[in-house]
Amino acid sequence: MTSYKIVSTNRVGAGSYYRISHDSTSTQTSMTFGLFLPSRFATNIEESAINKENVPVIYWLSGLTCDDTNFAMKAGAFSHAE
């Protein structure tokens, strides 16, 4: 199993937004992605993993000149996520 590191955690409304990095076996580089958990699913990412809760998911793949923060900063989706 690939290990991961929580780079940062921020409260967004009642939920939490995590930036998580992991070593990619495909690219042989460190990669970072964002994860938003609404408050009704877990108070933090560790608790959600332990409880194995089913959480709806939206995958957002940024383009070549973007990074993992584009969706979080520009889409305005968090106001609809709770």
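Only the coordinates and a few stated rules stand behind these numbers; no lab work does. Fair warning: this is a prediction, and the values are worked out from it, not measured in the lab.
Report, by chain and number, residues whose modeled amide H sits under 5 Å from the one on GLY15, excluding near sequence neighbours (fewer than 5 apart, same chain).
Amide H neighbours of GLY15, under 5 Å, 5+ apart: SER39.
For VAL7, enumerate residues with amide H under 5 Å from its amide H, sequence gap 5+ or separate chain, H modeled in the peptide plane.
Amide H neighbours of VAL7: ARG19, ILE20, SER21.
Would you pull out the residues with amide H under 5 Å of PHE36's amide H, same chain only if 5 or more places away, H placed 1.01 Å from N?
Residues meeting the criterion, in which the H sits 1.01 Å from N, are TYR18.
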